[in-house]
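Since the structure comes first, as structure tokens, the remarks are kept for the end.
The values are calculated or read from the model by the stated rules, or taken from the named source; none is laboratory data. Given the structure is predicted, the values throughout are model-derived calculations rather than measurements. Cβ coordinates were reconstructed from backbone atoms using ideal geometry, including for glycine residues, and neighbour counts include every protein chain displayed. In case anyone asks, the SASA skips ligands and DNA or RNA and just uses the protein heavy atoms, side chains included. Shrake-Rupley method; radii C 1.70, N 1.55, O 1.52, S 1.80 Å.
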Amino acid sequence: AKDSIVSYFSDAVNTKMHDATPIFTADGKTMYFTRNITKKNGKRDKNKAKVSVLQIYKAEMVEGKWTNIISLPINNPDYSVAHPALSPDGKTLYFASDMPGSLGSFDIYSVEVNGGSFGTPKNLGDKINTNRREQFPFVSKDGKLYFSSNGHEGFGSLDVFVSDINGGNYTKPINVGLPINTGV
């Protein structure tokens, strides 16, 4: 077997914080990713409840380097906003959050993206979200929303479900089944 060489993605993006779940626009010039809330000095911050929440950040590829890293305006230090996913056209950002108005511990939301501005986050509603936890959205090229949930009927903890996206409507989520989901 050949040895593989692993290197850090980018020192500008990788920090001592929890940096995770990156997604990229189709042209590869913009990245969204999850990170713990940070102080101006780059250290982990905590909100009034002494919780280090997750937030979504945006980075831009400029002359071969990731730069212009910003916290999205949909973030709030009082709750987590995490696990970004983009629609195939890049005009809708999906994410998980425990913001006020969530049906459970975490729900899936969407927000319209228009260049550098963002609309108002919308909860995907009780067809997708339950009184438990929905996280880790992903949108396929054929317009299917995949996500993990422990609120819909499943085999184990956070099973993967799929729903067709029809405009602003979603079909009843279906458990993708074995071997993806197991009782372990």
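Here is how the numbers come out for the structure above:
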| quantity | calculated |
| --- | --- |
| Whole-number accessible area per residue in Å² for region 99-184, which is evaluated in the context of all protein chains at 1.4 Å | 56 Å² |
| Normalised contact order of region 68-166, rounded percent, pairs of Cα under 8 Å and 6 or more residues apart | 21 percent |
| Relative contact order (%) - criterion: Cα under 8 Å, at least six apart; region: region 119-176 | 27 percent |
| Fraction of alpha-carbon pairs over 25 Å apart in region 29-184 - percent | 33 percent |
| Carbon + sulfur, % of accessible area of region 66-184 - ligands and nucleic acids excluded, 1.4 Å | 51 percent |
| Exposure of residue 142 as accessible area (Å², to 10), given a probe of 1.4 Å and all protein chains | 110 Å² |
| Where the Cα pairs of region 94-184 fall when distances are cut into 10 Å bins, in % | 17, 50, 27, 5, 0 |
| Most to least packed among 175-181, 109-115 [average Cβ atoms within 10 Å] | 109-115, 175-181 |
| Over 25 Å between alpha carbons, listed pairs 58/127; 122/144; 58/122; 65/141; 58/141 | 58/127; 65/141 |
